[in-house]
Amino acid sequence: MRPLILLAALLLSACQTLPPPASLPALQLAPAAFGAELSLAQRLTVTDAPEDPNGAVTERQLDTLLQVDAQQLQLAGLAFGQRVLTLQWDGRELQVKRHPMLPAAVDPARVLRDVALVFAPLPALQAALPPGWTLDEAGNERTLRQAGEARLTVRYLDGRKRVEIDNRVEHYQLRIESRSLEGG
């Protein structure tokens with residue numbers, strides 16, 4: 001029995017020395033950092049890529065209205081004709097209203113981060129990154145890296161009208177189709 005206890009203690013101590021799993025930086029930029037006003041209607045399609053290669057892939061859609069000006073970022077999410085999510089961000093406080101039918105996996109902080117990664121200027125994003133993280137842009141792609149390893153890629157397929165995010169850390173892909181609400 002004593003060798004079993006010793007083995008268990010060794011395994012527990014080994015688990016404690018493993019590096020923590022990777023997580024992405026929050027990137028909560030002030031709305032003024034976006035450098036331009038946005039007024040967009042969007043269709044978001046999220047595809048969850050399970051960690052288990054034999055797991056089921058799920059796809060969900062959400063329509064959003066996104067408005068950004070120098071003072072505030074506002075996003076309203078609509079599903080089945082009902083408002084399911086409202087975000088208001090002034091650069092200091094994130095106010096969130098959720099409908100009970102919205103899956104718990106929809107994290108407002110991730111939504112805010114993904115909006116910034118797609119629409120904020122590269123220098124503002126780079127300045128907000130914690131040590132060990134880089135964001136580079138080549139052609140129609142932005143790649144967020146930790147210690148040189150790609151963690152998230154943003155692909156611009158038609159300017160900012162069609163965008164894909166491949167999030168390797170949180171295991172999802174997001175397709176964003178946007179149209180301007182300016183002028184009607």
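The values are calculated or read from the model by the stated rules, or taken from the named source; none is laboratory data. This one's a predicted model, so the numbers in the text were calculated from it and none came from an experiment. With ideal geometry, Cβ positions are generated from the backbone for all residues, glycine too; neighbour counts draw on all protein chains shown.
Data table
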read-out	value
Residues being small (Gly, Ala, Ser) and surrounded by 14 or more Cβ atoms within 10 Å (Cβ to Cβ) - total across segment 55-108	4
Residue count, segment 118-146 (criterion: surrounded by 12 or more Cβ atoms within 10 Å (Cβ to Cβ) and of a type in the set (Gly, Ala, Ser))	3
Subset of segment 121-171 (residues that are under 16 Å from Leu44 (Cβ atoms) and among the basic types (Lys, Arg))	Arg155, Arg160, Lys161, Arg162
Filter pass, Pro123 being over 16 Å from the mean Cα position of the chain (by Cα), assigned to a helix (DSSP H, G or I) and of a type outside the set (A, V, I, L, M, F, W, C)	yes
Selection status of Val154, within 12 Å of Asp114 (Cβ to Cβ), of a type in the set (A, V, I, L, M, F, W, C) and without any contact (Cβ under 8 Å) to a residue 40 or more places away in the chain	yes
Whichever residue in segment 152-184 is acidic (Asp, Glu) and under 16 Å from the mean Cα position of the chain (by Cα) and, among such residues, is modelled with the lowest pLDDT	Glu170
Filter result for the condition that a residue is in contact with a Lys or Arg (Cβ under 6 Å, 6 or more places away or on another chain) and either more than 19 Å from Arg162 (Cα to Cα) or among the charged types (D, E, K, R) (or both), over Leu27, Leu94, Leu73	Leu27
Positions within segment 126-145 being over 22 Å from His171 (Cα atoms), small (Gly, Ala, Ser) and not in a strand (DSSP E or B), in sequence order	Ala127, Ala128, Gly139
From the options Glu170, Glu164, Glu177, Glu149, residue that is closer than 19 Å to Gln61 by Cβ and either exposed (fewer than 13 other Cβ atoms within 10 Å of the Cβ) or out of contact with any strand residue (DSSP E or B) (no Cβ under 8 Å at 6 or more places or on another chain) (or both)	Glu170
Residue list for segment 76-110, restricted to those being closer than 19 Å to Pro25 by Cβ, in contact with a Pro (Cβ under 9 Å, 6 or more places away or on another chain) and not in a loop (DSSP other than H, G, I, E, B)	Leu87, Trp89, Leu94
Unique match (being over 17 Å from Ala26 (Cβ atoms) and either among the hydrophobic types (A, V, I, L, M, F, W, C) or assigned to a strand (DSSP E or B) (or both)) among Glu182, Glu164	Glu164
